[in-house]
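Data block below; observations after.
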Amino acid sequence: MMKQEMKKLLRRTLAAAAALCLLTAGATTALAAPELNPYTAVNDYANILSSPTENYVEDISEALQDTCGAQIGVYTTEYIGNSTMEGYAYDVLNTWGLGSADKDNGVLLLLVPGEDNYYVIRGAGLEAQLTIRRLGTILDEDMEPSWVEQDYNTGTQKTVRAIAEELCSIYGIPLSTLDNAAQMPSPPENQGMSPVTVVLILFAVFLVIALLVSVTRPRGPRPPRGGGGGFGSGLFWYSLGQASRPRYPRRPPPPPPGFGPGPGGYGGYGGPRPGGVGRSRPGGFGGPRPGGGFGGARPGGGFRPGGGSSRGGGVGRRH
């Protein structure tokens, strides 16, 4: 987790540095969209989304991908340089390849907190059904209230859910598909300790007290102690008494029947046992296991770019 956060911070720093250099040099060309990972539904370069939110978007997008080929991607960045929101979103969606290649039904949600702006663009195949007006209403109702509070997680979750419901309506997919795919994460509640935790703590305290009493309990006559006695002195005298006890050698146990001396010497260990340690067992640790192990690729599943594209046109924040 720490490594992933460091990568996000590095990307964010490099993007800001690149934008600053272009502005200083007076560049007039638009800043191209940075590289992205096409095999995930969320590219959080601004580092503003939590892991539960990313997982939620991932599950929703995979459910749509598996049923109708549509995909929803979320891309965040602090700044877009001197590019326009529409141009930047257009580059990201087409580079990403959101949606299926034959339907062009991908949707991109672009979040730019450094410029206090956001934007939604959809693929060419959704221009007639998912209108600009409808997308604007979704942003006003589901993104804007959370955006002004800088609650990017709630705004992203609600906006992605609303867009997914529109896609389900377009393709005749039951909403239960989304419910089965993911549950909207809720903020953690500050709850007290459970009764089980309290019982375990009390048991641990009782166990420690019992151990201390057992160690410091007087065991027979001991040398007189001074006035500064206590747990430390009791433990010292106990350890000293144990160390000073004489230790006598133990008698060896008698040999089992049949292994004593007799005619022919000591029997029993002369010949090898059939099927003993030296024999290899089929299917043990040394032999290969049938079937795939951890190294094999998991067939199917997972978010993957479909090759969709957009002709441009979307809607952003209405300041």
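Values quoted throughout were computed directly from the atomic coordinates according to the rules given, and no laboratory measurement underlies them. On a predicted model such as this, the values are computed, not experimentally measured, just so you know. Ideal geometry is used to build each Cβ from the backbone, glycine not excepted, and the neighbour counts take in all protein chains shown.
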Taking the highest mean first, how do the peptides 98-104, 121-127 order by number of other beta carbon atoms within 10 angstrom per residue?
121-127, 98-104
Please report the relative contact order for region 78-186, taking Cα pairs under 8 Å with a sequence separation of at least 6, and give it as a percent rounded to a whole number.
17 percent
